[in-house]
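Participant: Structure provided below as structure tokens; questions to follow.
The values are calculated or read from the model by the stated rules, or taken from the named source; none is laboratory data. Everything numeric here is computed off the predicted structure, so don't read it as measured data. Reconstructed Cβ throughout: ideal geometry from the backbone, glycine too, with neighbour counts over all protein chains shown. Keep in mind that these areas ignore ligands, DNA and RNA; they rest on the heavy atoms of the full protein, side chains included. Shrake-Rupley method; radii C 1.70, N 1.55, O 1.52, S 1.80 Å.
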Amino acid sequence: MSPNRRDFIKFVVAGSVAAGCPVDLQLLAETTPPAVEGEHNEICHAVRDGKHFSRPPVSARHDFVIVGGGISGLTAAYLLRDRDFLLLEKEPHFGGNAYRMEYQGDGYATGTAFISSEDESFPFAKEIGLTPLRIDSPDGTIFDGKFVPDTWRRLDELPYSAPVREGFKKWKKEMLAIDLKGRSDELMNRPFSDFFKGHAPEVKAWWDGYGPSNWGGISEDTAANLGIYEIQEIGGADLEDKRYTWPGGNGAISARLVEILNAKAATRMHGGATIVAVSSEKNEAHVTYTHNGELKTVAAKAVIMATPKFITRRIVEGLPQKQADAMARIRYIPYPVVSVIFNKEVFGKGYDTWCPGGYTFTDFIVADWVLRKNQPDYKPKNNILTFYTPLHEKQRALLMTESSARHIAENVLRDFQKLFPGSNVDPVEVHIYRRGHPMYVPEAGLFQKVQPLTRTPLDRIFFANADSEGPVSTTPQAIAAARRALKEAEEKLARKA
């Protein structure tokens, strides 16, 4: 597409890169705090510039304070909906990585996209009043302009040379023969890359796109059991697609939770609240944060930290050194998501399509796929394709400015327009949603050796968030983390009582 054509396309850049702007505790001083103005990044910039903040006296007390308004924090609030809680979220909206956006009423995902009928998010979605819609579309692949549906069960159709196709089949056969349960401890502590040695490089290249998009790591940075489990799922004999979703992905879950909570406790849910410090005090815990230009401290019988550990370790005081070191070991990837909006049908052959070959995106989904599949009378207004574009950790700075973020979106559009015959179509808008640290890297040894230590309660402070559970950053892990942390908190409070 020529620069002149691109000039007529509207690009929208959204999302925060700061991911909480953790405040250095050493900058807290007993001095008069300056006024805090503007959106959630302003206090972070003030800290960066050397401002010092005091902790005001406690202005309110609650049974629970929940820090972080993603799926994990929202789940905790939902479970406490009839109790005295306060939910604090640094973004102006709730949802975290499960946040739904719209274009002319059409929903699309900005992050986590689907759930499985086999995990606990499925009955949870039903409990809160949602009807999961079946995807029923195994993952396809576009390579050399050709679309192959159900990639790992139709390897003979891949447009590779015959030896490469045989290489795919040989590797798959070896993976399906591995006893995951019997070799669990070994495979949790070995990198997935060990299992590509001696195989066609195209096989590893396919998984080095699939891994970062789904769980945040290439094969070298992925515990082997995770990758092998996945190939046994998508390439095994069971032909049923167990995935379900909604237009907007798992943002439907967070939106529904917000709706329920607003009806019961809207005044106890604060967006735009940046946490300054969390500490255990005698018989209570204190949380200091900024909201509406004020620095406040509230007390709680228990605090649920539903924030990523790289933030948690910066704002929670008194962490044992081993626990802080464990939190510091968890790595996170930067991950923009680009949604390209067409006013006519451009692609609708499959829900999630993988694109090996060095493109700026790993895969893309059709935003309204489940409406197309489940509603015979559905007539789409637009064709919204959402492109997943995980970056390397060293590329995080590309998300810091709107110009560099727009450049990422432009490259995604450029690559898509040469992906297959008929894709060279101009969209009406391109939206990019930036996230600096949304997914943690599931390295070998992380789940068994690191995560258990990171989630160890600290007196009245309890640790949730998907990065507490393992082995991947998913909605069911976030829900499970909230339930576990609340159970620990209830048991601790009962003992103290």
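Participant: Return the residues of segment 447-479 that are within 15 Å of the chain's Cα centre (by Cα), surrounded by fewer than 24 Cβ atoms within 10 Å (Cβ to Cβ) and at pLDDT 95 or above; say none if nothing qualifies.
Facilitator: The answer is Pro476, Gln477.
Participant: Name the residue, out of Pro247, Pro212, that is surrounded by 16 or more Cβ atoms within 10 Å (Cβ to Cβ), in a loop (DSSP other than H, G, I, E, B), at negative phi and touching a residue at least 60 places away in the same chain (Cβ under 8 Å). Lay out the reasoning, then the answer.
Facilitator: Working: Pro212 fails: in a loop (DSSP other than H, G, I, E, B).
It is Pro247.
Participant: Let me ask something additional. How many of the residues making up segment 397-420 are free of Cβ contacts under 8 Å to residues at least 12 places away in the same chain and of a type in the set (D, E, K, R)? Show your work before the answer.
Facilitator: Of all residues in segment 397-420, those free of Cβ contacts under 8 Å to residues at least 12 places away in the same chain come to 397, 401, 403-404, 407, 418.
From what's left, of a type in the set (D, E, K, R): 418.
Residues flagged as free of Cβ contacts under 8 Å to residues at least 12 places away in the same chain and of a type in the set (D, E, K, R) within segment 397-420 amount to 1.
Participant: Picking from Asp185, Asp221, which residue would you name as being surrounded by 20 or more Cβ atoms within 10 Å (Cβ to Cβ) and touching a residue at least 24 places away in the same chain (Cβ under 8 Å)? Walk me through it before giving the result.
Facilitator: On the way: Asp185 fails: surrounded by 20 or more Cβ atoms within 10 Å (Cβ to Cβ).
The unique qualifying residue is Asp221.
Participant: Looking only at segment 284-294, which residues are surrounded by fewer than 20 Cβ atoms within 10 Å (Cβ to Cβ), assigned to a strand (DSSP E or B) and more than 26 Å from the chain's Cα centre (by Cα)? It would help to see each step written out before you state the result.
Facilitator: Just the residues of segment 284-294 that are surrounded by fewer than 20 Cβ atoms within 10 Å (Cβ to Cβ), to begin with: 284, 291-294.
Within this subset, residues satisfying the condition of being assigned to a strand (DSSP E or B) are 284, 291, 294.
Result: Glu284, Glu294.
Participant: Checking the conditions here, which among Asp238, Asp139, Asp144 is surrounded by 18 or more Cβ atoms within 10 Å (Cβ to Cβ) and within 29 Å of Lys373 (Cα to Cα)?
Facilitator: Values: Asp238 fails: surrounded by 18 or more Cβ atoms within 10 Å (Cβ to Cβ); Asp144 fails: surrounded by 18 or more Cβ atoms within 10 Å (Cβ to Cβ).
Among Asp238, Asp139, Asp144, only Asp139 is surrounded by 18 or more Cβ atoms within 10 Å (Cβ to Cβ) and within 29 Å of Lys373 (Cα to Cα).
Participant: Oh, and also: Would you be able to say whether some residue in segment 155-175 is closer than 26 Å to Thr112 by Cβ and either among the acidic types (Asp, Glu) or at pLDDT 95 or above (or both)?
Facilitator: Within segment 155-175, the subset closer than 26 Å to Thr112 by Cβ is 175.
Restricting the remaining residues to those that are either among the acidic types (Asp, Glu) or at pLDDT 95 or above (or both) gives 175.
So far as segment 155-175 goes, yes, one or more of its residues are closer than 26 Å to Thr112 by Cβ and either among the acidic types (Asp, Glu) or at pLDDT 95 or above (or both).
Participant: Checking the condition part of a loop (DSSP other than H, G, I, E, B), in contact with a strand residue (DSSP E or B) (Cβ under 8 Å, 6 or more places away or on another chain) and modelled with pLDDT of 95 or more, which residue from Phe420, Phe387, Phe364 passes? Talk me through it step by step, then tell me what you get.
Facilitator: Working: Phe387 fails: part of a loop (DSSP other than H, G, I, E, B); Phe364 fails: part of a loop (DSSP other than H, G, I, E, B).
Of the residues listed, the single one that is part of a loop (DSSP other than H, G, I, E, B), in contact with a strand residue (DSSP E or B) (Cβ under 8 Å, 6 or more places away or on another chain) and modelled with pLDDT of 95 or more is Phe420.
Participant: Does Gln417 qualify as being among the polar types (S, T, N, Q) and either in contact with a Pro (Cβ under 6 Å, 6 or more places away or on another chain) or open to solvent by 60 Å² or more (accessible area, probe 1.4 Å) (or both)? Spell out how you get there, then give the answer.
Facilitator: On the way: among the polar types (S, T, N, Q): yes; either in contact with a Pro (Cβ under 6 Å, 6 or more places away or on another chain) or open to solvent by 60 Å² or more (accessible area, probe 1.4 Å) (or both): no.
Spelling it out, it is not the case that Gln417 is among the polar types (S, T, N, Q) and either in contact with a Pro (Cβ under 6 Å, 6 or more places away or on another chain) or open to solvent by 60 Å² or more (accessible area, probe 1.4 Å) (or both).
Participant: State which residue pairs qualify: first residue closer than 21 Å to Pro159 by Cβ and of a type in the set (D, E, K, R) and inside segment 339-361, second residue modelled with pLDDT of 95 or more and not in a loop (DSSP other than H, G, I, E, B) in any location, beta carbons under 7 Å apart, and separation of 6 or more residues or different chains.
Facilitator: Lys349/Gly140; Lys349/Phe147; Asp352/Asp363; Asp352/Ile365
Participant: Any residue in segment 421-446 that is under 30 Å from Glu220 (Cβ atoms) and among the β-branched types (Val, Ile, Thr) sitting within a Cβ distance under 8 Å of a residue that is in a loop (DSSP other than H, G, I, E, B) and open to solvent by 20 Å² or more (accessible area, probe 1.4 Å)? List the pairs, counting only those 6 or more apart or interchain.
Facilitator: Short answer, once both residue conditions are applied: Ile432/Gly15; Val441/Arg331.
Participant: Now a separate question. Here are some conditions: (1) surrounded by fewer than 20 Cβ atoms within 10 Å (Cβ to Cβ); (2) assigned to a loop (DSSP other than H, G, I, E, B); (3) of a type outside the set (Lys, Arg); (4) in contact with a Pro (Cβ under 7 Å, 6 or more places away or on another chain). Gln395 meets all but one. Which one does it not meet?
Facilitator: (2)
Participant: Now for a separate question. Can you run down the residue pairs with Cβ atoms below 9 Å, 6 or more apart or on separate chains, where the first is in segment 111-127 and of a type in the set (D, E, K, R) and the partner is surrounded by fewer than 24 Cβ atoms within 10 Å (Cβ to Cβ) and in a helix (DSSP H, G or I)?
Facilitator: Close Cβ pairs satisfying both conditions: Asp119/Pro476; Asp119/Gln477; Asp119/Ala480; Glu120/Pro476; Glu120/Ala480; Glu120/Arg483.
Participant: Within segment 66-115, how many residues turn out to be hydrophobic (A, V, I, L, M, F, W, C), outside any loop (DSSP other than H, G, I, E, B) and open to solvent by 10 Å² or more (accessible area, probe 1.4 Å)? Break it down into steps so the answer makes sense when it comes.
Facilitator: Within segment 66-115, the subset hydrophobic (A, V, I, L, M, F, W, C) is 66-67, 71, 74, 76-77, 79-80, 85-88, 94, 98, 101, 109, 113-115.
If we keep only those that are outside any loop (DSSP other than H, G, I, E, B) too, we end up with 66-67, 71, 74, 76-77, 79, 85-88, 101, 109, 115.
This time we only want the ones that are open to solvent by 10 Å² or more (accessible area, probe 1.4 Å), so: 71, 79, 101.
Qualifying residue count for the region: 3.
Participant: Same structure, new question: In this structure, does Arg6 turn out to be at pLDDT 95 or above, among the basic types (Lys, Arg) and either farther than 23 Å from Pro390 by Cα or surrounded by 23 or more Cβ atoms within 10 Å (Cβ to Cβ) (or both)? I'd like the intermediate steps shown before the answer.
Facilitator: Values: at pLDDT 95 or above: no; among the basic types (Lys, Arg): yes; either farther than 23 Å from Pro390 by Cα or surrounded by 23 or more Cβ atoms within 10 Å (Cβ to Cβ) (or both): yes.
Taking the combined requirement at face value, the residue does not satisfy it.
Participant: I want to confirm something. Restricting to segment 127-167 and keeping residues that are part of a helix (DSSP H, G or I) and under 28 Å from Pro376 (Cα atoms), which single residue is nearest to the chain's Cα centre (by Cα)? Quick ask: steps written out before the conclusion?
Facilitator: We begin by selecting, within segment 127-167, every residue part of a helix (DSSP H, G or I); these are 127, 151-153, 155-157, 162-167.
Restricting the remaining residues to those that are under 28 Å from Pro376 (Cα atoms) gives 127, 151, 153.
Values: Glu127: 22, Thr151: 25, Arg153: 28 Å.
Among them, the one singled out is Glu127.
Participant: Next question, about the same structure. Go through (1) among the polar types (S, T, N, Q); (2) outside any strand (DSSP E or B); (3) open to solvent by less than 10 Å² (accessible area, probe 1.4 Å) for Thr297 and report which single condition fails.
Facilitator: With (1) among the polar types (S, T, N, Q); (2) outside any strand (DSSP E or B); (3) open to solvent by less than 10 Å² (accessible area, probe 1.4 Å) applied to Thr297, the lone miss is (2).
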